[in-house]
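Below you'll find the structure, written out as structure tokens, and then a few comments.
What follows draws every value from the coordinates through simple rules; no lab data is involved. No experiment lies behind these values; they were computed from the predicted model shown. As a convention, Cβ positions derive from the backbone with ideal geometry for all residues, glycine included, and neighbour counts pool all protein chains shown.
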Amino acid sequence: MTQRFLLLLSASALLAGCGADPSPPSTPPPPAPDATPDKGHMVFIHGAGNGERSDEITRHEEGCQKNDLASCHALGLALMTPKDKQGDNNKRAFAAFEKGCFGGYAASCNGLGVMYHHGMGVARNLVRSMELYKRACGGDVSTACLHVAMAYESGNDAVVADWPSAVSYYESACNLGASQGCMTAGKAFAEGDRVERDPERARKLYDRGCQEENEDACKARDELK
């Protein structure tokens, strides 16, 4: 899976220099785009608004100023502009993601990781990106777990290739509803690919992927011996 890394996923902010932590969101946060089941396909570019919806930006900005972290996350997504990496939109998105991430909104840590990974609104820093992906994965953001898994699978400037660690993170992503993780980890355990063969574990992973309507996972489960 080499460099199929994300371009936008979730957004929020994570500023090391912010003062007291913002208060929790006043309303239940909307579903994070990166938490949506991927039906077996890696979908990284969903959610970027490119700064085009001024009405949404104004609304989310007002909420973020009131420490509604879901609004900060939504603001980051609305501002994210992949084609203009160092533009003002991305700098504002970065700040919004920072606030969300450091305030405890895990999906925003993933969005911030995307920005560091691609050098959007900030200097590219894969080490920092991995730290943020791991933080988001620990906060139950499935796509963040996939990002960590892919980094360990292929290796990059931040980590050396480590297939067992990759499989572990794919399995975590699967447990959070990412069917791509179910397929990859399931295949590893089914074939004993650099991990101990475990057909029953593979079956459970495939079954989880099947529950997410991944037809390939259903087929692999049914054909597993």
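Summary table
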{"item": "Net charge over other residues, Cβ less than 14 angstrom from the Cβ of ASP84 (K, R count +1; D, E count -1)", "result": "+2"}
{"item": "All aspartates and glutamates inside 19 Å of LYS134 as judged from Cα atoms, apart from same-chain residues fewer than 8 positions distant", "result": "ASP34, GLU98, GLU153, ASP157, ASP162, GLU171"}
{"item": "Candidate lysines for bridging to LYS225, where Cα separation is under 29 Å - those fewer than 8 sequence places away on the same chain excluded", "result": "LYS39, LYS187, LYS204"}
{"item": "Simple label model, 7 Å out from Cα along Cβ direction - ARG59 to GLN211, nm", "result": "3.3"}
{"item": "Packing rank of 197-210, 92-105, where each peptide gets the mean count of other beta carbons within 10 Å, highest leading", "result": "92-105, 197-210"}
{"item": "Additional length obtainable on full extension of the chain from GLU52 to VAL127, 0.36 nm per residue less Cα span", "result": "23.9 nm"}
{"item": "Net +/- balance of residues flanking LEU126 in space, Cβ distance below 14 Å, scoring K and R +1, D and E -1", "result": "+1"}
{"item": "Relative pair counts by distance (%), Cα atoms of segment 162-225, 10 Å bins", "result": "29, 58, 13"}
{"item": "Table column - 3J(HN,Hα) (Hz), segment 58-65, Karplus curve with 6.51, -1.76, 1.60, x for Gly and Pro", "result": "4, 5, 5, 5, 4, x, 5, 5"}
{"item": "Straight-distance crosslink candidates among aspartates and glutamates, where the alpha carbon sits under 16 Å from LYS91 and sequence neighbours closer than 8 are dropped", "result": "GLU52, GLU61"}
